[in-house]
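**Student:** Here it is, the structure, as structure tokens.
The values are calculated or read from the model by the stated rules, or taken from the named source; none is laboratory data. For clarity, every value in this text was computed on a predicted model and none was experimentally measured. Just the protein is used for accessible areas: all its heavy atoms, side chains included, with ligands, DNA and RNA removed. Shrake-Rupley method; radii C 1.70, N 1.55, O 1.52, S 1.80 Å.
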Amino acid sequence: MSSALVQAGFPVLGDTDTGVPGLRVSEVPAGALVSWTASDGFTSLAREQASRAASDDSMRVIVQAAVSGLLVQLRHTVAETPDGGDLMVLANAVTAPGGDDG
């Protein structure tokens with residue numbers, strides 16, 4: 001899944017890259033957690049331009065929609081976390097493209 005995100009042009013970081021802007025994919029019991037951290041520069045610019053440009057929250061929605069759309073096309077089951085801040089990719093629902101579902 002991480003390689004598909006990288007091939008699509010998303011900067012995917014490792015678990016040790018805490019605080020670094022970009023996408024982070026972490027293994028969790030249910031599957032994988034995909035989170036996104038905006039850069040300080042982007043966050044500051046978004047606050048300054050709040051009346052004319054996308055805020056950090058709306059940019060998060062855009063990033064989540066792009067990531068979710070790609071993963072759904074790859075036949076992953078994707079859901080938002082309860083707080084709406086991250087995406088959960090369910091491990092038990094992953095089906096290989098062109099595979100037999102049963």
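**Student:** Compute, for L33, the solvent-accessible surface of its heavy atoms (probe 1.4 Å) with the complete set of protein chains present, and express it in square angstrom to the nearest 10.
**Tutor:** Only protein atoms counted, so the area is about 40 Å².
**Student:** Pulled fully out, how much extra length does the chain show between V61 and V20, if you take 0.36 nm times their separation in residues and subtract their Cα-Cα distance?
**Tutor:** On the way: separation 41, 0.36 × 41 = 14.76 nm, distance 1.90 nm.
Extending this stretch completely gives an extra 12.9 nm.
**Student:** Also, I was wondering about something else. M59: accessible area at probe 1.4 Å, nearest 10 Å²?
**Tutor:** 50
**Student:** Continuing with the same structure: Report the full-extension gain for the segment S3 to A91: residue separation times 0.36 nm, less the Cα-Cα distance, to one decimal in nm.
**Tutor:** Working: separation 88, 0.36 × 88 = 31.68 nm, distance 1.60 nm.
Extra length from S3 to A91 when fully extended: 30.1 nm.
**Student:** Sort R75, R24 by accessible area with a 1.4 Å probe, largest first.
**Tutor:** Numbers: R75 95, R24 25 Å².
Largest accessible area first, the list is R75, R24.
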